[in-house]
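Asks: Below is a structure I'd like to ask you about.
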Amino acid sequence: RMFFKNKFAFLMFAPIGGNLGDQALTSAEINLLKDLYLIEMPCPYMSRYFKYIKLLKKIIDDGVILCNAGGNLGTLWYDATELYLRKILVEFPNNTVIVLPNTCYYEDNDWGKSELEKSIKIYNSHKDLTIFARENISYFFMKNKYKNVLLAPDMVMSLKCDQVLEQRSGVLVCLREDCEKTLDEGILSQIIKKVEKRYNQIIFTDTVIPGRVTKRTRKERIKSKLAQFSKAEFVLTDRLHGMVFAAITATPCIVIKSKSHKLQGCYKWIEHLEYVKFINEIPDIDVFCDNVVGKSYQYDNKSLVPYYEEIKKIVYDAVRKK
């Protein structure tokens, strides 16, 4: 432990499920912080860790704690992450805690407001907490509530994808089926009918796959999903990482809003990509297909690199101080 003291950090809320967006976030973090050994502490086991809090404290000691990127802050995934982030801040008041780029969302009701007040009290009581917001809505919201908030893009946007060298074919439809879904079934039916008139092959997929994804299988599972995206003529999605997977594979993409503001907010980072577009009206689909689909594109994230370098510097500096 002492020999590697300045070479590792603890990554809380690491995924082991089939959400490939979450898996890609972790893969991007490992890629960015490749000079460190990240000790992954999986999200589903957080209750077990805190059951043995004395042992957990001995293991972590004064180590740097990283919290996985994603849409984890607030009430949307309250039981899975928000409650445990608060526990981390309370139980490790003197450790450096860095929350990697996240979206923050609180329900606009009495419960949401009450939980926000609890978060404000706990977050601001911690001695060394840094939070990265991954879009402007979360950034300005948290900046007015918490002490040390910085802005950085979704971690998956830092990845580059090798193109699959074969002809694109068909439309890939990647839509949510969870609590963030807002797309009306009637509107969805109209969209699908319009797409069916223009394209013979429509493939339904998701960025969530059945079963577990381990550290050993993570890279291959992500690679397989990116290959599926890169073979499509275009993607229709209301998933954040459906949009990002399309972006990094240079695949034309129609984006439809979901419940959380994270989709619209994260789109701002890549709105310069002419092949990724938010569609507000069903007729816009024809315009998109006529003017965007069928051309060749390249993913350009040069403007995002300085933000990732800032994350790296802050994490590395924190680890070196231990």
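Asks: How big, on average over all directions, is the shadow cast by the Cα convex hull of the stretch 205-286, in nm²? Display every interim value, and only then the final one.
Replies: On the way: hull surface 24.5 nm².
Average projection, Cα convex hull of the stretch 205-286: 6.1 nm².
Asks: Taking the mean number of other Cβ atoms within 10 Å as a proxy for protection, how do you rank 304-315, 267-278, 244-255 from highest to lowest?
Replies: Numbers: 304-315: 15.8, 267-278: 17.5, 244-255: 26.5.
Output ranking for 304-315, 267-278, 244-255: 244-255, 267-278, 304-315.
Asks: What FRET efficiency comes out for the pair Phe278/Asn94, r = Cβ-Cβ distance, R0 = 35 Å, nearest 0.05? Before the final figure, lay out each step's value.
Replies: Values: r = 44 Å, r/R0 = 1.25.
That gives a FRET efficiency of 0.20.
Asks: Carbon-plus-sulfur fraction of the accessible area of the chain, 1.4 Å probe, in percent? List each step's numbers first, then the result.
Replies: Values: 8000 of 15460 Å².
Result for the chain: 52 percent of the exposed heavy-atom area is carbon or sulfur.
Asks: The stretch 46-102: percent of C-alpha pairs farther apart than 14 Å?
Replies: Details: 884 of 1596 pairs.
Distances greater than 14 Å cover 55 percent of the Cα pairs.
Asks: If you look at just the Cα atoms of the stretch 12-127, how large are its Rg and its Dmax in Å?
Replies: 14.2, 44
Asks: Distance cut-off 27 Å, Cα to Cα: go down the list Lys225/Lys268; Lys160/Lys312; Lys121/Lys215; Lys51/Lys262; Lys262/Lys302; Lys143/Lys225 and report the pairs above it.
Replies: Numbers: Lys225/Lys268 24 Å; Lys160/Lys312 17 Å; Lys121/Lys215 35 Å; Lys51/Lys262 33 Å; Lys262/Lys302 21 Å; Lys143/Lys225 35 Å.
From Lys225/Lys268; Lys160/Lys312; Lys121/Lys215; Lys51/Lys262; Lys262/Lys302; Lys143/Lys225, over 27 Å: Lys121/Lys215; Lys51/Lys262; Lys143/Lys225.
Asks: Once you list every other residue whose beta carbon is under 12 Å from the beta carbon of Gly265, what net charge do they have if Lys and Arg are +1 and Asp and Glu are -1?
Replies: Details: positive: Arg134, Lys257, Lys262, Lys268; negative: Glu135, Asp154, Glu271.
Once all neighbours under 12 Å are counted, the net charge is +1.
Asks: Given a 1.4 Å probe, how much area per residue of the chain is accessible, in Å²?
Replies: Values: 15460 Å² over 322 residues.
Here the per-residue accessible area is 48 Å².
Asks: Compute, for the stretch 66-196, the length of the dipole vector about the Cα centre, with Cβ point charges of +1 (Lys, Arg) and -1 (Asp, Glu) only. Units Debye, rounded to 20. List each step's numbers first, then the result.
Replies: On the way: 16 positive and 19 negative charges, 109 e Å.
With only Lys, Arg, Asp and Glu charged at Cβ, the dipole is about 520 debye.
Asks: Sort the following peptides by mean Cβ neighbour count (other Cβ atoms within 10 Å, averaged over residues), highest first: 101-110, 202-211.
Replies: Details: 101-110: 19.9, 202-211: 14.9.
Put in order of decreasing packing, that is 101-110, 202-211.
Asks: Which of Ile270, Thr26, Val315 sits farthest toward the positive end of the charge dipole of the chain, with +1 on the Cβ of Lys and Arg and -1 on the Cβ of Asp and Glu?
Replies: Val315
Asks: Report, as a whole number in µm² per second, the diffusion coefficient that Stokes-Einstein gives for the chain at 25 °C and 0.890 mPa s using the Kirkwood radius over alpha carbon pairs.
Replies: Values: Rh = 20.5 Å.
Translational diffusion coefficient: 119 µm²/s.
Asks: Heavy atoms only, 1.4 Å probe, whole protein assembly: order Cys161, Cys289 by accessible area, highest first.
Replies: Working: Cys161 30, Cys289 10 Å².
Putting Cys161, Cys289 in descending order of accessible area: Cys161, Cys289.
Asks: Arranged from highest to lowest average of other beta-carbon atoms within 10 Å per residue, in what order do the peptides 68-76, 111-119 appear?
Replies: Numbers: 68-76: 24.8, 111-119: 15.0.
Ranked by mean Cβ neighbours within 10 Å, highest first: 68-76, 111-119.
Asks: Right, something else. Once you place label points 7 Å from the Cα toward the Cβ at Ser224 and Ser47, how far apart are they in nm?
Replies: Taking the simple label geometry, Ser224 and Ser47 are separated by 2.9 nm.
The values are calculated or read from the model by the stated rules, or taken from the named source; none is laboratory data. The structure displayed is predicted, hence computed values, not measured ones. Positions of Cβ are backbone-derived with ideal geometry, glycine not excepted, and every protein chain shown enters the neighbour counts. Quick note on the areas: whole protein, heavy atoms, side chains included, nothing else; ligands and nucleic acids left out. Shrake-Rupley method; radii C 1.70, N 1.55, O 1.52, S 1.80 Å.
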